[in-house]
């Protein structure tokens with residue numbers, strides 16, 4: 001038996017982890033993966049690089065467990081997770097995730113995925129649970145919230161990284177959606193550590 005916990009603070013990780021039960025159990029016969037055996041072998045080694053190898057194996061194991069868990073019929077995968085498999089919405093999501101600073105409109109991912117704006121908007125909303133630009137706003141603000149935890153990050157640098165034209169635009173969006181300013185968020189995050 002392998003057990004573990006992940007201590008993850010941040011908006012991006014909570015988007016996925018909040019969809020999981022407090023304790024997730026997968027029986028050995030419920031899935032097929034070579035990772036538990038590799039992990040067991042590596043744990044008993046005392047060789048240079050062991051910590052790095054264990055970190056990577058644990059990351060891979062977490063991904064394998066999440067994939068297996070969310071593939072179960074009774075699991076409630078977040079809409080954006082399940083939509084990754086869609087031939088239209090999946091690529092659109094990857095575009096938004098990979099380049100949040102791009103000045104996206106619905107027309108951009110629609111053109112790149114070969115559908116109309118209306119078709120992408122409908123399909124995206126049906127699968128993800130919100131329209132593309134609303135999802136992008138949430139994604140950008142989640143990224144911003146995580147970046148603001150870094151002590152050297154300025155609101156201006158975070159704004160540029162997540163697609164806002166100015167620190168004022170980011171601050172206004174952050175306050176409108178989250179009810180606090182970026183500075184207040186930073187202070188609360190620091191106090192929670």
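What follows draws every value from the coordinates through simple rules; no lab data is involved. Bear in mind the structure is a predicted one, so any value in this text is a computation, not a measurement. Heads up, the Cβs are rebuilt from the backbone with ideal geometry, glycines too, and the neighbour counts pull from every protein chain shown.
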Shape call, the stretch 20-71: gyration tensor on alpha carbons, a/c limit 1.5: prolate
Nearest-ten-degree value, helix 89-98 long axis tilted from longest Cα axis of the chain: 80 degrees
Whether the chain is rounded, prolate or oblate, judged on the alpha carbon gyration tensor where a/c under 1.5 counts as rounded: oblate
Segment residue 191-residue 172, length gained on full extension (0.36 nm per residue, minus Cα span): 4.6 nm
Least to most buried among 174, 124, 168, 70 (fewest other Cβ within 10 Å first): 168, 70, 174, 124
Overall form of the stretch 92-146 per C-alpha gyration tensor (a/c, 1.5; a/b vs b/c): oblate
Estimated distance in nm for a label pair at residue 5 and residue 105, the labels positioned 7 Å out from Cα along Cα-to-Cβ: 4.9 nm
For the chain, calculated [θ]222 nm from helices alone, where every DSSP H run of n ≥ 4 adds -39500 (n - 2.57): -18500 deg cm²/dmol
